[in-house]
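Here the structure is laid out as structure tokens; the discussion comes afterwards.
The values are calculated or read from the model by the stated rules, or taken from the named source; none is laboratory data. Just so we're clear, the structure is a prediction, and the values are computed from it rather than from any experiment. Counting neighbours? That spans all protein chains shown, and the Cβs are built from the backbone with ideal geometry, glycine included. Note: accessible area is taken over every heavy atom of the protein model, side chains too, but ligands, DNA and RNA are not part of it. Shrake-Rupley method; radii C 1.70, N 1.55, O 1.52, S 1.80 Å.
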Amino acid sequence: MVNSHRTNGLRETVEAGDVALGVLDSAYSPNLVELYGDLGMDFVWIDLEHGGPSPRDGDALENLLRAAEGTDTELLVRVPAANASMVRKCLDVGVRNLFISQVESAAAVERAVSAAHFEVGDEPGRRGMANPRASRWGQAEDYAATEDEEVMVGVTIENQAAIGDLDAILDVPELGFVFLGPLDLSVSLGHPGEADHPEVEEAVETARSKAAEAGVPVGNLAFGMDDANEKAEKGYQILNVGSTTGAVKAAAQGWLDDADV
């Protein structure tokens, strides 16, 4: 047996009440994941809902994970649905921070959380027991106990149905966080692309305040560092501050704007 237990830095940061800053790697590049880790990012967001490899593509996820594991950063992987087999697949590959898109009910959240744990409270979970990469192929000591201690599963709140069932969602045992999706909420509320519409802002603030009252950590997008600082002051703990394509676009456009040719 090997003692290969590595603590989850993102979960530790959140549970300590601190703020974690991350970036969306929209290039799905192990080299960039490693670079972001070396730069000091707390997490790298890998979005498997709107692009990238399939959530079931173990080889692709393994390479991204290896890049993160060589640094002090964590992967935060978003999957497109509360599908139990998809949750188990990602975690068995070695993902420990997972968030689920497009949930509409507490029942869906319960299914995803149960699929991610061997035990949920005093009840058996529905994570499969095997010898995957997460267990170092069966060599990790106290695998079940350490996995349940380190895995963190959250959900996005990004539609009217989730807002309507929010109290029950926030009561789900072992829910690690909620991530508010203002852009998708703008679509669901009939104001596509208008994240600053009063109705959208009201829904976001309602979700944030209810999560704070329930003691569930909250994440969100930050539109610039001034916005990130303001959101941190309001209690947001998981903040995505940019993306690979956004950073490249800004840099390349700056070069072109400064060119004299």
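Taking the conditions (1) modelled with pLDDT of 95 or more; (2) of a type outside the set (Ser, Thr, Tyr); (3) within 17 Å of the chain's Cα centre (by Cα) in turn, Ala81 satisfies each one other than (1). Looking for something among the aromatic types (Phe, Trp, Tyr), without any contact (Cβ under 8 Å) to a residue 24 or more places away in the chain and closer than 20 Å to Asn8 by Cβ - is there at least one such residue anywhere in the range 166-179? Within the range 166-179, none of the residues are among the aromatic types (Phe, Trp, Tyr), without any contact (Cβ under 8 Å) to a residue 24 or more places away in the chain and closer than 20 Å to Asn8 by Cβ. Of the residues contained in the range 35-56, none is found to be in contact with a Phe, Trp or Tyr (Cβ under 7 Å, 6 or more places away or on another chain) and assigned to a helix (DSSP H, G or I). Checked against (1) open to solvent by 30 Å² or more (accessible area, probe 1.4 Å); (2) under 21 Å from the mean Cα position of the chain (by Cα), Ala145 meets all criteria but (2).
Residue-by-condition table, conditions (1) small (Gly, Ala, Ser); (2) touching a Lys or Arg at 6+ places or on another chain (Cβ under 8 Å); (3) modelled with pLDDT under 95:
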| residue | (1), (2), (3) |
| --- | --- |
| Thr146 | no, no, yes |
| Val151 | no, yes, no |
| Ala168 | yes, no, no |
| Val172 | no, no, no |
| Leu175 | no, no, no |
| Pro182 | no, no, yes |
| Gly193 | yes, no, yes |
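Could you run through the range 95-130 and say how many residues are within 23 Å of His50 (Cα to Cα), open to solvent by 10 Å² or more (accessible area, probe 1.4 Å) and assigned to a loop (DSSP other than H, G, I, E, B)? Within the range 95-130, residues that are within 23 Å of His50 (Cα to Cα), open to solvent by 10 Å² or more (accessible area, probe 1.4 Å) and assigned to a loop (DSSP other than H, G, I, E, B) number 4. In the range 180-217, the residue that is surrounded by the fewest Cβ atoms within 10 Å (Cβ to Cβ) out of those that are without any contact (Cβ under 8 Å) to a residue 12 or more places away in the chain and in a loop (DSSP other than H, G, I, E, B) is Gly215. When you look at Gly219, is it over 25 Å from Leu10 (Cβ atoms) and not hydroxyl-bearing (Ser, Thr, Tyr), yes or no? Spelling it out, it is not the case that Gly219 is over 25 Å from Leu10 (Cβ atoms) and not hydroxyl-bearing (Ser, Thr, Tyr). Considering only residues in the range 77-94 that are open to solvent by less than 40 Å² (accessible area, probe 1.4 Å), in a helix (DSSP H, G or I) and of a type outside the set (A, V, I, L, M), the one that is nearest to Thr146 (Cα to Cα) turns out to be Asp92. Can you name the condition, by its number, that Leu65 falls short on among (1) over 27 Å from Phe223 (Cβ atoms); (2) surrounded by fewer than 20 Cβ atoms within 10 Å (Cβ to Cβ); (3) under 16 Å from the mean Cα position of the chain (by Cα)? It is condition (2) that Leu65 fails.
The rows are residues; the columns are (1) farther than 20 Å from Pro132 by Cβ; (2) at pLDDT below 95; (3) of a type outside the set (D, E, K, R).
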site: Leu21; (1), (2), (3): yes, no, yes
site: Leu24; (1), (2), (3): yes, no, yes
site: Ala27; (1), (2), (3): yes, no, yes
site: Glu34; (1), (2), (3): yes, no, no
site: Leu39; (1), (2), (3): yes, no, yes
site: His50; (1), (2), (3): yes, yes, yes
site: Gly58; (1), (2), (3): no, yes, yes
site: Leu61; (1), (2), (3): no, no, yes
